[in-house]
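Down below is the structure, laid out as structure tokens.
The values are calculated or read from the model by the stated rules, or taken from the named source; none is laboratory data. For clarity, every value in this text was computed on a predicted model and none was experimentally measured. Neighbour counts are summed over all protein chains in view; Cβ atoms, including those assigned to glycine, are modelled from backbone coordinates with ideal geometry. In case anyone asks, the SASA skips ligands and DNA or RNA and just uses the protein heavy atoms, side chains included. Shrake-Rupley method; radii C 1.70, N 1.55, O 1.52, S 1.80 Å.
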Amino acid sequence: MAALEPQWIVQPDMGKPPGRESPVGVEHIYRDSDIDLPVNLLVDPNHPDARGRHWSISWQVGKSKGSDDINVQRVLHIVREVGFDYYTNWGPRTRCFNPSAFVTVPIATMNLGQRKALEKIALSTEVYEPNGAWNCQDWVITVLRKAVEAGLLEAQQVNMALAVAQQ
């Protein structure tokens, strides 16, 4: 008997659980400046299976006060909600984290307008119900492909970054 193909069903409301508030970011403290910044693909190397590694798109908007090793990053990604078996797209968030916990793969340098357009693409990129095939990597790839279609990124830049991230 042949294996069933995975179902591709869009998760309602970007996967936001009813009644759950959006995670708090620090964008009110660390604003995305009107300067050109490197935009990167971040890969969490701490999963033994390359397909299971968490991916996100990110750029640094500051340094945490009093700490040399904590960056403040603008992050585009989907997360797995605690207590729920699906991903959620909460939209762009600014948060603090240790950059050495991730592999940083350069994508491109973008100006503020381009980054805002990339955020808009990410905010509207849907998530799917769990099906055993689709995950955060597919979501990031979709966001980057849409950015190429919109003329924000070059296909070559995206392809190179994806090739490195998939290793």
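In table form, for the structure just shown:
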quantity: Residue within segment 18-33 that is in a strand (DSSP E or B) and touching a strand residue (DSSP E or B) at 6+ places or on another chain (Cβ under 8 Å) present; calculated: no
quantity: Residue pairs meeting the criteria (Cβ under 7 Å; at least 6 apart or on separate chains; first closer than 15 Å to Gly83 by Cα and open to solvent by less than 50 Å² (accessible area, probe 1.4 Å), in segment 11-23; second among the β-branched types (Val, Ile, Thr) and outside any helix (DSSP H, G or I)); calculated: Gly15/Thr88; Gly15/Val127
quantity: Odd one out for Ile35 among (1) within 26 Å of Ser124 (Cβ to Cβ); (2) at pLDDT 85 or above; (3) surrounded by 14 or more Cβ atoms within 10 Å (Cβ to Cβ); calculated: (3)
quantity: Residue list for segment 34-50, filter: of a type in the set (A, V, I, L, M, F, W, C) and in a loop (DSSP other than H, G, I, E, B); calculated: Ile35
quantity: Test set (1) of a type in the set (Asp, Glu); (2) within 21 Å of Leu153 (Cα to Cα); (3) in contact with a Ser or Thr (Cβ under 9 Å, 6 or more places away or on another chain) - Asp44 fails condition number; calculated: (2)
quantity: Residue that is modelled with the lowest pLDDT [pool: residues in segment 51-73 that are polar (S, T, N, Q) and assigned to a strand (DSSP E or B)]; calculated: Asn71
quantity: Within segment 111-163, considering residues that are hydroxyl-bearing (Ser, Thr, Tyr) and either touching a residue at least 12 places away in the same chain (Cβ under 8 Å) or in contact with a Pro (Cβ under 7 Å, 6 or more places away or on another chain) (or both), the one least open to solvent (accessible area, probe 1.4 Å); calculated: Thr125
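Conditions (1) among the β-branched types (Val, Ile, Thr); (2) open to solvent by 30 Å² or more (accessible area, probe 1.4 Å); (3) farther than 18 Å from Glu27 by Cβ; (4) not in a strand (DSSP E or B), marked per residue:
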{"residue": "Val75", "(1), (2), (3), (4)": "yes, no, no, no"}
{"residue": "Phe84", "(1), (2), (3), (4)": "no, yes, yes, yes"}
{"residue": "Gly91", "(1), (2), (3), (4)": "no, no, no, yes"}
{"residue": "Arg95", "(1), (2), (3), (4)": "no, yes, no, no"}
{"residue": "Ser100", "(1), (2), (3), (4)": "no, yes, yes, yes"}
{"residue": "Val105", "(1), (2), (3), (4)": "yes, no, yes, no"}
{"residue": "Ala108", "(1), (2), (3), (4)": "no, no, yes, no"}
